[in-house]
1. Would you say residue 64 is within 51 Å of the chain's Cα centre (by Cα), modelled with pLDDT of 70 or more and in a helix (DSSP H, G or I)?
2. Identify, from the list 176, 204, the residue that is surrounded by 21 or more Cβ atoms within 10 Å (Cβ to Cβ), modelled with pLDDT of 90 or more, within 20 Å of residue 232 (Cβ to Cβ) and in contact with a helix residue (DSSP H, G or I) (Cβ under 9 Å, 6 or more places away or on another chain).
3. Among the listed residues 58, 34, which satisfies the condition of being at pLDDT 75 or above and more than 39 Å from the chain's Cα centre (by Cα)?
4. Could you count how many residues in the stretch 132-169 are within 28 Å of the chain's Cα centre (by Cα), farther than 23 Å from residue 225 by Cβ and surrounded by fewer than 20 Cβ atoms within 10 Å (Cβ to Cβ)?
């Protein structure tokens with residue numbers, strides 16, 4: 001052990017000296033023969049790349065395992081959340097079935113007639129006739145398809161307006177936002193009745209609201225069914241603010257992005273005079 005110590009120190013010194021001499025030699029060769037040094041560097045890279053790749057495989061495999069474990073944890077948490085949501089939905093399903101049975105029983109006891117079968121036709125919006133004084137759209141659906149004056153126009157989000165002019169192949173729909181549009185509505189939470197009036201802007205005003213009513217931001221507004229034009233419960237919009245003491249309603253339907261409109265006959269007859277005899281119910285689109 002004592003004899004090996006001097007040799008170990010001597011070998012370390014010669015190793016350092018050898019590395020220094022090798023570096024000087026490589027610099028000299030690089031200046032004299034740049035191409036030779038470049039080929040040597042490429043050869044070293046060719047040898048080193050497989051080694052580095054082999055050494056990196058455990059790291060890549062470990063990272064993949066870690067990602068897989070993280071995905072499993074995320075899936076487990078998502079499954080737990082879905083189970084909770086499914087349990088809540090099952091509870092609501094039981095409540096809905098119970099209410100449906102109770103509703104049918106009450107209707108039978110009170111002899112309340114059921115809702116009439118709906119007739120409708122879906123038409124493409126072919127023109128937006130909106131302007132400073134009139135806001136309406138032209139829909140490619142007319143009396144030949146079963147539409148009629150006074151029918152409601154709805155979209156998946158809610159009420160769009162009503163048919164005011166009708167032809168054989170096209171209809172003009174007066175939009176909710178038109179200043180001539182006045183729709184009987186009710187605030188869904190408080191059941192306070194009012195009139196949703198358009199003023200040619202993007203929002204509606206609630207008129208004739210009870211002085212004791214206290215609508216809140218976010219309250220939903222739906223049709224009340226009064227007047228015989230619209231049935232109750234069609235979504236109209238939500239309270240988004242106040243102006244001059246009147247609540248402002250933002251319609252659920254984006255009028256500027258209307259592509260298709262469903263013209264629905266709710267079987268109410270309406271209060272508007274019909275400009276044509278009642279069409280047959282054999283038109284296309286759900287009749």
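1. On the way: within 51 Å of the chain's Cα centre (by Cα): yes; modelled with pLDDT of 70 or more: yes; in a helix (DSSP H, G or I): yes.
It is true that residue 64 is within 51 Å of the chain's Cα centre (by Cα), modelled with pLDDT of 70 or more and in a helix (DSSP H, G or I).
2. Values: 204 fails: in contact with a helix residue (DSSP H, G or I) (Cβ under 9 Å, 6 or more places away or on another chain).
The unique qualifying residue is 176.
3. On the way: 34 fails: at pLDDT 75 or above.
Just a single option satisfies the conditions, and that option is 58.
4. Matching residues across the stretch 132-169 total 2.
The values are calculated or read from the model by the stated rules, or taken from the named source; none is laboratory data. Everything numeric here is computed off the predicted structure, so don't read it as measured data. Here the Cβ is made from the backbone with ideal geometry for all residues, glycine too, and neighbour counts use every protein chain on show.
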